[in-house]
Every structure is written in C-alpha cells, then in structure tokens.
1. With r defined as the distance between the Cβ atoms of residue 450 and residue 407 and R0 fixed at 22 Å, what FRET efficiency is calculated, to the nearest 0.05?
2. Take residue 521, project a point 7 Å from its Cα along the Cβ direction, then tell me which residues of segment 431-469 have their backbone nitrogen under 17 Å from it.
3. Please provide three numbers in whole Å: the alpha-carbon extents of segment 424-516 along the principal axes, with the largest listed first.
4. Got a sec? Which residues in segment 279-320 would a label at residue 436 touch, if it sits 7 Å along Cα→Cβ and we count backbone N under 19 Å?
5. Need the C-alpha centroid separation for segment 1-43 versus segment 379-446, integer Å.
6. Be a star and scan segment 31-48 for residues whose amide nitrogen sits under 18 Å from the point 7 Å along the Cα-to-Cβ vector of residue 5.
7. With a Förster radius of 35 Å, plug the Cβ-Cβ distance of residue 223 and residue 129 into 1/(1 + (r/R0)^6) and report the FRET value to the nearest 0.05.
8. Obtain the nm distance between the two label points defined at residue 198 and residue 168 by a simple spin-label model: each point lies 7 Å from its Cα along the Cα-to-C-beta direction.
Ligand SMILES: Cc1cc2nc3c(=O)[nH]c(=O)nc-3n(C[C@H](O)[C@H](O)[C@H](O)COP(=O)(O)OP(=O)(O)OC[C@H]3O[C@@H](n4cnc5c(N)ncnc54)[C@H](O)[C@@H]3O)c2cc1C
C-alpha cells in the first residue's frame, strides 16, 4: 500500500476529532482522520451543549440545526418525596451574554452527526474501521501505522499528530504523559427512557434524595428523559455488570416518585474519574478532549471542552502550517488549555460533591437550605453573570497566556485574553461579522477620529491574515468596554482578544502580529 501523506493526522472521530476536522476545513488545512469504530456513536452519552459550543457551531453554520434538533433546558423543578419544592426558569439565564443564553439538550450522537455531515458536505471522509497501532516522531514529522478495515497495515506520514482518542488514549500512553487524579467511589447510571408520570415535560427535574441527586433531563420526543443518578457506596458491581432492572429499582427508591418507565432506549453504568495530563503536547504530537482530561458529569462539560480544545488548536496549527506564525505559537496550546483543564476539574469536583456527596453538612444544605433559596439565588444578577459564564464556558479567558498583550488594556473593563463580549450592533450579533477563519481588527469609531490612513496601511500589509471592521461606538458598547473614546480590538481567529488599545496606528498592529504571533509575510 502506498504511504498516505498529509499535514495532520487526527486519531479518533468522537466529538473532539470531528470538531478538529471541521475547523481544519474552515482553515484550509489538509488532514486525515481515522476512527476504529464503523461510524459515529449511536449512543446519546453527553447531552448538554453550552453557549460557547453553539457559538462555534454558528461559525460552521450548524447552530440553527442544533437548536432545532435539541431542547432548551427551560425550567428546573426541584422535587422531594414526589412533591415539588420549587421551580426556577433557566431558559434565558444568560440574557445579553450570548446569542444562546441557555443550555441546549442534544445527544452526543446528534452532535457527532452534525459535525460528520459538515465534513461530508465538504467532500471529506473519516477512515472508519481504521485503528492506530503505533507511531514515531522525528523533528521533521510523524510516521503512523494504522490497521485498515481490510486488516492490512497502512503507513501515514504527517507533519503533526493529534490524539483525540478518548480517555484510554494510546497516544497519551505512548508519549509517556501522566494522567493523574482519582476515581469516585460510587458507580453511576444513566438511562434514556420514556416516562409516564404527573409532571409536565417542560422542565429538568431534580430529586433531592437522601443519598444522592437523581436528575431527569427532558429530551426531544414524547415524554422522553435522560435519567442520571448513582448507586450507594458499597454497591459491589462493576461497570457493565448491572441489569437495567436494578437501575429502575434504584431510581424509584431514591426519587420516591410514582412513575412508570414505558420504554428504555439506552442505559449504561460508569465510574466517574477526574484526571488530566501533565502536558497537552510532546514534540509534534498533541492531545485533545477526553484523551487529555476527564471529569465528573456535573455541569455537562466533557464534550464541550473537547470541542473547545479542538477550536483552540486548529487555528494555531493552521497558522504554523501556512507559515504565517512561528512554531512557538504551538506552545500556547498547552499554555492556554492546561490551566483550563485544571480549573475545570476543580469546579466540576465541587459541583459534583454538592450533588452527590454524603457529608452531613453538604446534605443539609442540599436538601434543607438550598431548595427554598434557589429561586432567590438564581434571581441575583451576580449569580447570572458568574454562574452562566462558568457553565456555558463563555467565561473562559486566556489573560495569563503569552498571546495576550496587556500593554494598553489597563483602562478597559475587557482585557486581552477575553472572549469578545457578545454585542448587538444595529440589532445584529457582532459574531455575524466574524465567521471567517482569520484575524479581525475591529475599530470602534466615534465617527470623528480619523482611522482611514492606518486602515489602508493595515489592510495592505496584512491582506492574507486579517479582516478589518469599523463599528460604531454606541453607548452600550462603551459601557461594556468601559470607555467612551474610540479604540481598536485585535481578535485572534477564535474570537479571543489579542490586544485592546486606544492607539489606532499600524505600528501597534505590527507589534502584535509580528512580535507576539511571529507573523512573517509569505
Ligand atoms: C454517560 C455519559 C454522559 C455524559 N454526559 C455529558 C454531558 O452531558 N456533557 C458533556 O459535555 N459531556 C458528557 N459526557 C462526556 C462526553 O461523552 C465525553 O467528554 C466526549 O465523548 C469526549 O469526546 P472525545 O471525542 O474527546 O472522546 P471520545 O468520544 O471517547 O472519542 C474518542 C474516539 O477515538 C476512537 N479511538 C480510540 N483509540 C483509537 C485508535 N487507536 N485508533 C482509532 N480510533 C481510536 C474511539 O473509538 C472513539 O470514537 C458524558 C459521557 C458519558 C459516558
């Protein structure tokens, strides 16, 4: 068999690998993606899709289909012993912060389907039933051996390798990277079912049981729910050994609710781990998604985080492969995504312990103090502006990274390293203008100051790299950024801020693109 040559070999076509492939299509990067399974997952697995993921889908033109196929997590109804303790509305909790101010419930199988369709509509294909067997790297590239669907060994030569090969990642093992952390003692279950009960289908139901929380997430389809809960400590069966009947018995015992489960579409049991790698890359090989971090299901962060790892890595590899950025740019993937994984594990552990902990104080808060307070707490602006950015992942920032130039941002509320805030300009989202996979320079203009000369110079010098946009400095924009004077924002291709400054000269742009990004004209 002839050797296949490509720029990037992606191993694994879960949500992370498929997202990376889609981003490479946007950036015009040549790649090959291999997957040992024969198609996208048929299982629902992850169901929470957050605002930041939907913003990324929007750039791919997939957000509308995702929102049509999914269900918005509207109300949360808290139950105890079958009685309603309280109800809160989450359907617009992030109002003004994103075009998607909610959590969307859409199964992983459907997310993978969306991404796979995007790939196919751009004449790309996954090499299904193709398993990575081994690989080696030199300073010049990576050579991998894969076993194809016919059982033969195929050699693939690539400039870079990205392991999106899930929690048991062979690539992570081969690179000798560590995966430290812990495994939660209790065994968890998940079941997608149809339920006959007295509650309406428009809410996420959370049952505050003695020993754990049992949650019912509404899914598309008549009376369909995803149920998530845990077996008690000391339960002696392993993953995969539990019969469905035991799960149903457990749900009824814990939730203390009268219900009939009339159909079971899928169920599974799983151990919850919280672990992350010590580094996201080694030489020309990178890790993304569950291969690099796994955590508790609290907050539904796993799939979303993998999609964002891919989003962060794709533009950096694209810049380096096109020769418009220096190799050192690739270091910033680890620099930005490792601290994010560390923070994520801490947050999900905290949320999880509150939901599943058996500690008496936590239990008291969970079952007695929290429910009556919930409505009040959720109505507080501080909770909306902190809780939503955290869960939805729009609040992730890279302020401490070396791609964030803070030299002129001290006067602004928004800093280098932040995601560009969601703004409505003349009734339309600012993100509508930012779909091209390029850097963007935004001039927020008061209509009086002259930016025309610098614009011409910037457009001439950086034609291959950057789009220029002039945006009126409306009062609501000035409020968000904390200044009423005109200013420039340089956005990276992932819509994170590289620099923000009142200095509107071409030399300011040069300083960032040439010195921080390492741009050299091709
Ligand atoms: C029950 C359950 C509920 C969950 N709920 C949520 C939720 O609500 N929200 C959320 O965000 N996350 C959730 N998660 C986590 C989510 O499913 C994972 O985070 C997500 O699947 C990670 O995607 P990935 O692409 O990184 O890895 P995976 O989905 O594991 O994909 C890795 C792929 O690599 C392939 N592969 C592995 N080795 C090789 C090889 N050597 N050669 C070729 N191919 C290979 C595998 O076959 C697989 O298809 C849940 C997980 C489970 C199990």
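Please treat every number below as a calculation from the coordinates, not as lab data. Computed from a predicted model, the values in this text were never measured in an experiment. Because the Cβ atoms are built from the backbone with ideal geometry, glycine has one as well, and the counts that use them run over all protein chains shown.
1. That pair, residue 450 with residue 407, gives E of 0.45.
2. Only 454-467 fall inside the zone, counting backbone N under 17 Å.
3. 32, 27, 20
4. Answer for this model: 315-316, 318-320.
5. Taking the Cα centre of each part, segment 1-43 and segment 379-446 sit 30 Å apart.
6. 31-33
7. 0.45
8. Placing both labels 7 Å beyond Cα along the Cβ direction yields 4.6 nm.
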